[in-house]
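**Student:** Handing you this structure, nothing more for now.
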Amino acid sequence: QVQLVESGGGLVQAGGSLRLSCAASGSDISFNVMGWYRQAPGKQRDLVATIKSGGATSYVDSVKGRFTISRDNAKNTVYLQMSSLKPEDTSVYYCYAKTVIYTYWGQGTQVTVSS
């Protein structure tokens, strides 16, 4: 049973930084794609960043230049380094890990950016 466990969320002032981590446990399965979504209250869940097994990355425009996604394939862990945080980045952040047949989700971690 694969589980994704997130950590690193919290409260930070605008302009600050946070680093989210998401570790997959329970299997030696390799994930084609790992990444992060976020969901603000009353809004849909939106894609933030993705990283493929080979290292190719993509970002939503609103976080380009501020967020950096990375992964450690040996540890089956994905990271999201968030800098220059803005109040509009406040959301629950969910990591995901995708194989060819299934997508796994983390439980979510709250990020709150105060102005």
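**Student:** Given the C-alpha centroids of the stretch 40-54 and the stretch 1-25, what is the distance between them in whole angstrom?
**Tutor:** Cα centres, the stretch 40-54 to the stretch 1-25: 13 Å.
**Student:** Compute a Gaussian network model of the chain, connecting alpha carbons closer than 10 Å, and tell me which residue from 33, 63, 100 fluctuates the most.
**Tutor:** So, out of 33, 63, 100, the one fluctuating most is 100.
**Student:** Restricted to Cα positions, what overall size does the chain have along the principal axes? Three whole-Å values, descending.
**Tutor:** 42, 25, 23
**Student:** Let me ask you something else. So how many Lys-Lys pairs in the stretch 43-115 land under 24 Å Cα to Cα, not counting same-chain pairs under 8 apart?
**Tutor:** For the stretch 43-115, the number of qualifying lysine pairs is 9.
**Student:** Go through 10-21, 51-62, 76-87 and give me the packing order, highest mean Cβ count within 10 Å leading.
**Tutor:** Descending mean neighbour count gives 76-87, 10-21, 51-62.
**Student:** Still on this structure, I have one more. When the accessible area of the chain is computed with all protein chains present and a 1.4 Å probe, what percentage of it is carbon and sulfur?
**Tutor:** Summing carbon and sulfur atoms, their accessible area is 48 percent of the total for the chain.
**Student:** Give me D for the stretch 3-57 in µm² s⁻¹, whole number, from Stokes-Einstein with Rh from the Kirkwood sum over alpha-carbon pairs, 37 °C and 0.692 mPa s.
**Tutor:** 245 µm²/s
**Student:** For the chain, with every protein chain kept in place, what is the accessible area per residue (1.4 Å probe, Å²)?
**Tutor:** 54 Å²
**Student:** Tell me, in nm to one decimal, what length is gained between residue 57 and residue 45 on full extension, where the rule is 0.36 nm per residue of separation less the Cα-Cα distance?
**Tutor:** My answer for the length gained is 2.4 nm.
**Student:** Between residue 98 and residue 114, what length comes free when the chain is fully extended (0.36 nm per residue of separation minus the Cα-Cα distance, one decimal in nm)?
**Tutor:** 2.5 nm
The values are calculated or read from the model by the stated rules, or taken from the named source; none is laboratory data. This one's a predicted model, so the numbers in the text were calculated from it and none came from an experiment. Ideal geometry is used to build each Cβ from the backbone, glycine not excepted, and the neighbour counts take in all protein chains shown. Ligands, DNA and RNA are stripped out before the accessible areas are found, and what is left, the full protein with its side chains, is counted by its heavy atoms. Shrake-Rupley method; radii C 1.70, N 1.55, O 1.52, S 1.80 Å.
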